[in-house]
1. State yes or no: is Cys17 in contact with a Phe, Trp or Tyr (Cβ under 7 Å, 6 or more places away or on another chain) and under 19 Å from Thr70 (Cα atoms)?
2. Here are some residues: Lys28, Lys37, Lys32. Which one is surrounded by fewer than 12 Cβ atoms within 10 Å (Cβ to Cβ) and out of contact with any His (no Cβ under 9 Å at 6 or more places or on another chain)?
3. Looking for something in contact (Cβ under 8 Å) with a residue 12 or more places away in the chain, surrounded by 14 or more Cβ atoms within 10 Å (Cβ to Cβ) and at positive phi - is there at least one such residue anywhere in the stretch 45-53?
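A short reminder: the numbers here are calculations on the coordinates, not readings from a lab. Since the model is a prediction, treat every value here as computed from it, not as a measurement. All Cβ positions, glycine included, derive from the backbone under ideal geometry; neighbour counts span all protein chains shown.
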Amino acid sequence: MAKPNKKLPTRSVDIVCGKCKTRLFKYKKGGKGALVKCFKERIVVDYTTRPCACPNCGVVFARETLVRGTPAYKIIGGKAALK
């Protein structure tokens, strides 16, 4: 499988909690599709204190996994949103 591009995309988005709308990440997103996974190397600013959990309400919004051999967060449907 091919690895994600080393060059970061230009589009920067905020990822917020689906429940309380607290900011979770500032992320360099490629493409125009839905938020399915977040590669750890593309996270610019991480606002979380525990991995995959909202710092405000404590909801687990993702699972840590390997996608194409690269560490990533696999987003659970509806638990996180783009802003």
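1. Numbers: in contact with a Phe, Trp or Tyr (Cβ under 7 Å, 6 or more places away or on another chain): yes; under 19 Å from Thr70 (Cα atoms): no.
Here the answer is no, as Cys17 does not meet what is asked.
2. Only one candidate qualifies: Lys32.
3. yes
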